[in-house]
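First the structure, in the form of structure tokens, and then the observations on it.
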Amino acid sequence: MVRNAWLLGLGGVLLFAGLSAVAFYVASRPSVLRIAIPHGDGEDMRLVQALAQQFTRDRASIRLRPVIAEGPIQSAAELDAGRVDLAVVRADISLPREGQAVAVLRHNLVAIMVPAPGSVASGPAVTAPKSRRARAAAAKPKPNPIAAIDDLAGKRIGVVGRGGFNAEVLGVILRQQEIAADKVTVVPLDPDNVAAALRKTPVDAIVAIGPITSRFIADAIAAATNGDKRPTFLPIAASEAIASRHPAYESTEIKEGAFGGAKSLPGDAVETIGFNHYIVARRGISDTRIAEFTRLLFSVRQGLARDVPAVAQIEKPDTDKDAVLQAHPGAAAYLDDEQQTFFDRYSDLLYWGLMLMSFVGSAAAWLMSYAKADDRVRRMRVIEQLLGIVQAARSAKTTEEVDRLRRDVDAILVRTLHQVERNDIEQSALMAFSLALDQAQLAVNDRRAALMGQTAEAVPPAAPPAPEPSPPEVAVTPLRLAIKAAE
């Protein structure tokens, strides 16, 4: 291992570099968010597609993947089922249980207008009667002119929109005025071709719902205009009452001249109700991902405003805790400038991690100390064995006992030499062992010499005995040669 240390070092560096590259690749990959969009909502679809394309061009860390839903209810259901991460929903239809607001996509106003006489919406102009009696009948004022919401009873009302959702908004208004549903005739109008639909089925009033700049409100106004004669907008006087009974709606107004023209339209501010289209995120999605999406969403508005004017209508949601639709914590943190840093988010984990590491380190130190104490006890036991051999050698009665003690000393020496080769013995312990070994060998040699001297005096010289088998040879290593030289 010492000879190949540079290879091990190079392998460690390459392993660290590889792990760093993998970590960087995973961290730099863009996060894909699936967003559900109701089918048929062309403005929302164009807006989301423009956002997705802009995120891709900018190589942003968030990418959008649109998912078409059948309608607003299905869009909310997709989010609740966990099949998408984001969804475009209407506040007045069906807010998802698991959804939290990220942004107000657009603010919708309810515009109720009475077409000008002779306009496309009110039907073809009536030619002047030729007979005196017919002219007199035509000169009489028409009964029950439409001047307020209450006058809509018994009338034909065209509602611009698909799926019947805008008709439900009209129903809320009529119920507030205690007008039964069977007292009016609702005529659905195709938002892609309002004028053609009104030309086939003229109406007494038109309900158009959308942003103040929406195309289909402009088409409805054009169909309800006859030259210099402009449509009349009906105020919803009970807007505050409706908002209090239905939190999804809010009381608002159509500003004077909001629809422009040579003559300001409307001429005066008109009281009405409105509601929002939201981009909502599924509860439980990482706050960091939603905060980054919110940052990107509001940062690209200026660049897209010229190509997609609807992007300028994106607003931040209500971040108060008592909001009708609570904001996602990640979006709220970004919008309120309360985003947490890395240490803010993970300070508790870091604290407990350090505490755990300290505990583990203490436990490891205790185990090492316990193991070292066990080694010391084992080494002291060897020294005690050598001291026991010293005592036994001094009291040995025969040379056979002395020889057995010498073999024990040799066995202890072999075991200790193996420990020295494995570096399992400390220098201080080795010095104590060497001292005990010297004493044991000296005691054995002295006792053997004494016993051999007593035998020589008591017995006359005889033939020399057969040589004693010598103890097994111990493999000679440089360390052992050094120990023998020291002896």
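The values are calculated or read from the model by the stated rules, or taken from the named source; none is laboratory data. On a predicted model such as this, the values are computed, not experimentally measured, just so you know. We place every Cβ from the backbone using ideal geometry, glycine too, and count neighbours over all the protein chains shown. With ligands, DNA and RNA removed, areas are computed over all heavy atoms of the protein, side chains included. Shrake-Rupley method; radii C 1.70, N 1.55, O 1.52, S 1.80 Å.
Some observations on this one:
- Residue that is nearest to the chain's Cα centre (by Cα), among those in the range 150-170 that are within 16 Å of residue 122 (Cβ to Cβ) and assigned to a helix (DSSP H, G or I): 152
- Test for residue 230: is it farther than 23 Å from residue 337 by Cβ, under 24 Å from the mean Cα position of the chain (by Cα) and crowded, with 22+ Cβ neighbours inside 10 Å: no
- For the range 313-339, a tally of residues being at pLDDT below 85 and of a type in the set (S, T, N, Q) returns 1.
- Residue in the range 365-384 that is closer than 30 Å to residue 51 by Cα and modelled with pLDDT under 80 present: no
- Scanning the range 83-110 for residues that are open to solvent by 10 Å² or more (accessible area, probe 1.4 Å), touching a Pro at 6+ places or on another chain (Cβ under 8 Å) and under 19 Å from residue 39 (Cβ atoms) gives 90, 93, 94, 106.
- Here residue 220 does not fit the description of being touching an Asp or Glu at 6+ places or on another chain (Cβ under 8 Å) and small (Gly, Ala, Ser).
- All positions within the range 238-265 that are open to solvent by 80 Å² or more (accessible area, probe 1.4 Å), assigned to a loop (DSSP other than H, G, I, E, B) and either touching a residue at least 60 places away in the same chain (Cβ under 8 Å) or β-branched (Val, Ile, Thr) (or both): 247
- Looking across the range 419-451, the residues that are surrounded by 13 or more Cβ atoms within 10 Å (Cβ to Cβ), at pLDDT below 80 and not charged (D, E, K, R) come down to 419, 420, 425, 429, 430, 432, 433.
- The set of residues from the range 171-183 being in a helix (DSSP H, G or I) and open to solvent by 80 Å² or more (accessible area, probe 1.4 Å) comprises 175, 181, 182, 183.
- Of all residues in the range 415-441 being among the aliphatic types (A, V, I, L, M) and more than 14 Å from residue 385 (Cα to Cα), the one that is nearest to the chain's Cα centre (by Cα): 425
- Answer residue from the range 266-292, given it is within 19 Å of residue 108 (Cβ to Cβ) and aliphatic (A, V, I, L, M) and is surrounded by the fewest Cβ atoms within 10 Å (Cβ to Cβ) among those: 269
- Flag for residue 411 being assigned to a helix (DSSP H, G or I) and either at pLDDT 80 or above or open to solvent by 100 Å² or more (accessible area, probe 1.4 Å) (or both): yes
- Each residue in the range 1-56 was checked for being exposed (fewer than 13 other Cβ atoms within 10 Å of the Cβ), of a type outside the set (Gly, Ala, Ser) and modelled with pLDDT under 90, and 19 of them qualify.
- Considering residues of the range 201-221 that are modelled with pLDDT of 90 or more and assigned to a helix (DSSP H, G or I) only, the residue nearest to the chain's Cα centre (by Cα): 217
- Filtered by the rule that a residue be under 19 Å from residue 171 (Cβ atoms) and among the hydrophobic types (A, V, I, L, M, F, W, C), the range 240-284 gives 241, 242, 243, 248, 273, 275.
- Residue in the range 189-200 that is modelled with the highest pLDDT, counting only those that are charged (D, E, K, R) and part of a loop (DSSP other than H, G, I, E, B): 190
- Look at the range 147-159: where a residue is on the phi > 0 side of the Ramachandran plot and a partner is surrounded by fewer than 15 Cβ atoms within 10 Å (Cβ to Cβ) and not in a loop (DSSP other than H, G, I, E, B), sitting 6+ places away or on another chain with Cβ atoms under 7 Å, you get 154/183.
- When residue 295 is tested against (1) open to solvent by 80 Å² or more (accessible area, probe 1.4 Å); (2) closer than 23 Å to residue 86 by Cα; (3) assigned to a loop (DSSP other than H, G, I, E, B), exactly one condition is not met: (3).
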